[in-house]
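Trainee: Structure incoming, see below.
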Amino acid sequence: MIDTTEVQPRVADPYAVRQPMPRARYDALSRDILALKKKLNAVILAHNYQVAEIQDIADYVGDSLGLAQQAAKTPADVIVFCGVHFMAETAKILNPNKVVVLPDVDAGCSLESSCPAPKLAELQRTNPNFYTIAYINCSAAVKALSDVIVTSGNAVKIVNAAPKDRDLLFVPDENLGSWVMEKTGRPMTLWKGNCYVHVEWTHASITRIRREFPDAPLVAHPECTKAVRLLADEVCSTERMVGYCRQSPAQEFIIATEAGMLHRLERECPGKKFIPAPTDNCRCNECKFMKMNTLEKVHDCMAKLAPQLHLSADILARAKLPIERMLEISARP
Ligand code: 13P
Ligand code: SF4
């Protein structure tokens, strides 16, 4: 079946709200991508941290949970996954018989690399009563060793549903893990990984910007440190940031997450102002991995059907179970 979904710009002129690529180049690439999408019966899924040009041509833009849910139900034959490697892997695990391509195969994640599967297996051997809860920001091999997967959007719900007679082991983000412990009251052994972007915000850098914009609520991702989370008006996944900012009467917001989120927020909440939270020593709020993807690379991966995701049958089978468990618990009322 051919998917007739058109690439629908979500604003009147997406080019007008983005920027660095010359207009003619943007128009030509967008046209070619649309034609390839029809020819391949492809769907383009993009994370909220992708560059504006990619967000604007995607069929769906969202957080890790929304992207996994879209991947689980898409009727498309080809999934073009614009995010980082572990996200495309998740789409492949949910669709082992579909082609999953990604613009740049080297787009990794500091959380994923902090937790090699053999090291996790070693820790698991020290306590047979461990129930392993893995943040989706991990490799397929780590997912295959886990009991359930979580995203920042459903971690509290899933930890609340974890068996009461097991010792909870949470990998690989210690900041998300400690936030979930605060929210659920469930003690957990935490893997000592972190997101190299979200730990750049400090109590001092946030306090400074709050003094400058005293009426602007601070919205922070749970991958931020506790020192920053304590200053926040709202701590949530990237998708929930959209809902929070939309329904809030405030007109200005300080956003402590990766910079790509600002494009999504500006598009969804026209007229409101979003201030990127500053770091102490650098403009470190861009994830170098997320930013490896460009519109040209999206075009090329569709034209060549490469790079493609390939996983062994064993990993595919073992990693699917904890992801499906996550989707099932997430869908509960
Ligand atoms: P979300 O699931 O909230 O979009 O977060 C993904 C991520 O990589 C945060 O750094
Ligand atoms: Fe990984 Fe951090 Fe980049 Fe998200 S922002 S993909 S957690 S390195």
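Trainee: Determine whether I54 is buried (at least 19 other Cβ atoms within 10 Å of the Cβ), within 16 Å of ligand 2 (Cβ to nearest atom) and among the β-branched types (V, I, T). If you could, list the steps in order and put the result at the bottom.
Mentor: Working: buried (at least 19 other Cβ atoms within 10 Å of the Cβ): yes; within 16 Å of ligand 2 (Cβ to nearest atom): yes; among the β-branched types (V, I, T): yes.
Against the criterion (buried (at least 19 other Cβ atoms within 10 Å of the Cβ), within 16 Å of ligand 2 (Cβ to nearest atom) and among the β-branched types (V, I, T)), I54 qualifies.
Trainee: Looking at D77, is it of a type outside the set (K, R), over 17 Å from the mean Cα position of the chain (by Cα) and modelled with pLDDT under 95?
Mentor: On the way: of a type outside the set (K, R): yes; over 17 Å from the mean Cα position of the chain (by Cα): yes; modelled with pLDDT under 95: no.
Answer is no for this residue.
Trainee: Just one of (1) under 13 Å from the mean Cα position of the chain (by Cα); (2) within 14 Å of ligand 2 (Cβ to nearest atom); (3) modelled with pLDDT of 95 or more trips up V61, so point out which.
Mentor: With (1) under 13 Å from the mean Cα position of the chain (by Cα); (2) within 14 Å of ligand 2 (Cβ to nearest atom); (3) modelled with pLDDT of 95 or more applied to V61, the lone miss is (2).
Trainee: Here is a follow-up. Is at least one residue of the range 82-95 over 25 Å from Q50 (Cβ atoms), away from ligand 1 (no atom under 16 Å from the Cβ) and surrounded by fewer than 23 Cβ atoms within 10 Å (Cβ to Cβ)?
Mentor: Within the range 82-95, the subset over 25 Å from Q50 (Cβ atoms) is none.
Within the range 82-95 (the criterion being over 25 Å from Q50 (Cβ atoms), away from ligand 1 (no atom under 16 Å from the Cβ) and surrounded by fewer than 23 Cβ atoms within 10 Å (Cβ to Cβ)), the answer is no, since none of the residues qualifies.
Trainee: Here's a follow-up. Report every pair of residues separated by at least 6 positions or lying on different chains whose Cβ atoms are under 7 Å apart, first residue within the range 107-118 and within 9 Å of N137 (Cβ to Cβ), second of a type in the set (A, V, I, L, M) and within 8 Å of ligand 2 (Cβ to nearest atom).
Mentor: Listed by first residue and then by second, the contacts come to C109/V84.
Trainee: Quick one: in the range 136-185, of everything that is among the charged types (D, E, K, R) and over 22 Å from P118 (Cβ atoms), which residue is farthest from ligand 1 (Cβ to nearest atom)? Let's see the steps before the verdict.
Mentor: First, pick out the residues of the range 136-185 that are among the charged types (D, E, K, R): 143, 147, 157, 164-167, 173-174, 182-183.
Then drop every residue that is not over 22 Å from P118 (Cβ atoms), which leaves 157, 164-166, 182-183.
Numbers: K157: 14, K164: 27, D165: 29, R166: 25, E182: 17, K183: 15 Å.
In this case the residue turns out to be D165.
Trainee: Does A227 satisfy the criteria of being among the aliphatic types (A, V, I, L, M), surrounded by fewer than 18 Cβ atoms within 10 Å (Cβ to Cβ) and more than 21 Å from G108 (Cα to Cα)? Even if it seems obvious, please write down each step before you answer.
Mentor: Values: among the aliphatic types (A, V, I, L, M): yes; surrounded by fewer than 18 Cβ atoms within 10 Å (Cβ to Cβ): yes; more than 21 Å from G108 (Cα to Cα): yes.
The answer is yes for A227.
The values are calculated or read from the model by the stated rules, or taken from the named source; none is laboratory data. If you're wondering where the values come from, they're calculated on a predicted model, not measured in any experiment. Virtual Cβ from ideal backbone geometry, glycine too; neighbours counted across all protein chains shown.
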